[in-house]
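Visitor: Please find one structure pasted underneath; my questions will follow.
Throughout, read-outs are computed from the coordinates displayed, never taken from laboratory work. Not measured: the values here are computed from a predicted model. Please note: Cβ atoms are built from the backbone with ideal geometry, for glycine as well, and neighbour counts cover all protein chains shown.
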Amino acid sequence: MKPEVLVRRLVHKMGFRFRLHRRDLPGTPDLVFPKLHKVIFVHGCFWHQHANCRRSNIPKTREDYWLPKLTRNVKRDRKSRMQLSKNDWKSLVIWECEIKNPVKLEAKIRKFLT
Ligand SMILES: [Zn+2]
């Protein structure tokens, strides 16, 4: 199952209600909590270059190909989060690798949303 779907199910089970992919918000966040003015992004470790994560390793042989693409993604993410924060939206990033520990993940989400 896609990481984003798992997070959605978990958050729903926790009793929070949200909207999906609001395109009018910077970065089109995966989960949007309009009343709380908070958003959650679910990021793949490779595509969004999770710092110090094994899954974010770029294959050395194809570095020329990947590096510009991935750098662009990281810059775009940073810009989106800055724009959100300027407009008083709080944002949280959940990394794909965090999903394998549901207890910790749930605690992280609860802390962010309450
Ligand atoms: Zn990761």
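Visitor: Setting aside same-chain residues fewer than 8 positions from residue 104, which aspartates and glutamates have a Cα under 17 Å from its Cα?
Guide: Straight-distance partners of residue 104: 4, 96.
Visitor: Compute the long axis of helix 3-13 from its Cα atoms, compare it with the longest principal axis of the Cα atoms of the chain, and write down the angle in degrees, 0 to 90, nearest 10.
Guide: With both axes taken from Cα atoms, the answer is about 10 degrees.
Visitor: Cross-link partners among aspartates and glutamates for residue 86, C-alpha distance below 18 Å, same-chain residues fewer than 8 apart left out?
Guide: In chain and number order, the partners are 24, 77.
Visitor: Could you state the angle between the C-alpha long axis of helix 63-86 and the longest principal axis of the C-alpha atoms of the chain, as a value from 0 to 90 degrees rounded to the nearest 10?
Guide: The answer is roughly 30 degrees.
Visitor: Among 84, 20, what is the fewest-to-most ranking by other Cβ atoms within 10 Å?
Guide: 20, 84
Visitor: So what is the relative contact order for the chain, in percent, with contacts set as C-alpha pairs under 8 Å and at least six apart?
Guide: 28
Visitor: Also: Mind pulling the angle between the C-alpha long axis of helix 102-113 and the longest principal axis of the chain? Nearest 10 degrees, somewhere in 0 to 90.
Guide: 60
Visitor: How big is the dipole moment of the range 1-112 about its Cα centre under a simple scheme where the beta carbon of each Lys and Arg is +1, that of each Asp and Glu is -1, and everything else is neutral? Debye, nearest 20, please.
Guide: Charge dipole, the range 1-112, about its Cα centre: 220 debye, nearest 20.
Visitor: With runs of 4+ DSSP H residues as the only contributors, calculate the mean residue ellipticity of the chain at 222 nm using -39,500 (n - 2.57) per run, divided by the residue total and rounded to the nearest 500.
Guide: So the helix-based figure for the chain works out to -13500 deg cm²/dmol.
Visitor: I'd like to know which of 32, 48, 59 lies farthest towards the positive end of the charge dipole of the range 10-95, counting +1 on Cβ of Lys and Arg and -1 on Cβ of Asp and Glu.
Guide: Final value for the positive-end residue is 32.
Visitor: Using the Cβ atoms and a cut-off under 11 Å, what net charge is assigned to the surroundings of residue 38, where Lys and Arg are +1 and Asp and Glu are -1?
Guide: In short, +1.
Visitor: Hey, which of these cross-link pairs are over 29 Å Cα-Cα: 2/90; 75/108; 13/79; 69/100?
Guide: 13/79
Visitor: Further question: Net charge within 14 Å of residue 48 by Cβ-Cβ distance, Lys/Arg positive one each and Asp/Glu negative one each, not counting residue 48 itself?
Guide: My count for the surroundings of residue 48 gives +3.
Visitor: May I pose another question? Could you sort the peptides 3-13, 33-43 by per-residue average Cβ neighbour count (10 Å cutoff), highest mean leading? Write down the numbers at each step before the final one.
Guide: Details: 3-13: 15.8, 33-43: 17.8.
Per-residue Cβ counts within 10 Å, averaged per peptide and sorted highest first, yield 33-43, 3-13.
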